[in-house]
Amino acid sequence: MHFKLIIAFVEDDKTDTVLDAARESGAKGATVINHARGEGLKQSKTFFGLTLESPRDVLLFLVEEHLSRHILEKIAKVAQFDNQPGTGIAFQIDVEDAIGVMRQVEELTHEIEDKL
C-alpha cells in the first residue's frame, strides 16, 4: 500500500472543520501542530513586534494514495483556500515508506479493495 502525506496550513478557527472534512473523505487520523507562522506574497503586519495575523495550525495527514486527491480537494473547499486570499494552503507529497500504520492498512484494505 502506498501513502501520501497531505500537509495543510489553516487558520486555527478552521482546524476542526478541516479535520472533520478530511475524516469524512477517508483520512484515518491527523497530527496537529498549533501556532505556526508564515508569510505569503505580502509580509505580515506587526505592531511593536507582535504579528497581527490570526494563528495558523499545521495539519499532517498520512493517507492512502487513491484517497489523497479527494481529501486534498475537500480540505481546500472547506477551508476556502481558493475563495479568500491568505486563508492557507495544502499540498501532498509522496511517502516512500511508513511504519506504525498496520492497523490503518488493515482497515484501508477493506475500504478501498473495490477501487483497486
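The values are calculated or read from the model by the stated rules, or taken from the named source; none is laboratory data. The shown structure was predicted, so the numbers you read here are calculated from the model rather than taken from an experiment. Methodologically, a virtual Cβ is constructed for each residue, glycine included, from the backbone with ideal geometry; neighbour enumeration extends over all protein chains shown.
The number of residues in segment 2-21 being out of contact with any Gly (no Cβ under 9 Å at 6 or more places or on another chain) and either among the small types (Gly, Ala, Ser) or on the phi > 0 side of the Ramachandran plot (or both) comes to 1. Of the conditions (1) under 17 Å from LYS28 (Cα atoms); (2) in a helix (DSSP H, G or I), PHE61 clears all except one; give me its number. PHE61 satisfies every listed condition except (2).
Checking the conditions here, which among ILE93, ILE75, ILE89 is modelled with pLDDT of 95 or more and not in a helix (DSSP H, G or I)?
Working: ILE75 fails: not in a helix (DSSP H, G or I); ILE89 fails: modelled with pLDDT of 95 or more.
Selected residue: ILE93, the only one of ILE93, ILE75, ILE89 that is modelled with pLDDT of 95 or more and not in a helix (DSSP H, G or I).
Residues in segment 33-72 that are surrounded by fewer than 15 Cβ atoms within 10 Å (Cβ to Cβ), modelled with pLDDT of 95 or more and within 30 Å of HIS110 (Cβ to Cβ): LEU60, ARG69, HIS70.
Pick from segment 6-36 the residues that are in a helix (DSSP H, G or I) and acidic (Asp, Glu): which of them is farthest from LEU62 (Cα to Cα)? Looking at residues that are in a helix (DSSP H, G or I) and acidic (Asp, Glu), I get ASP13.
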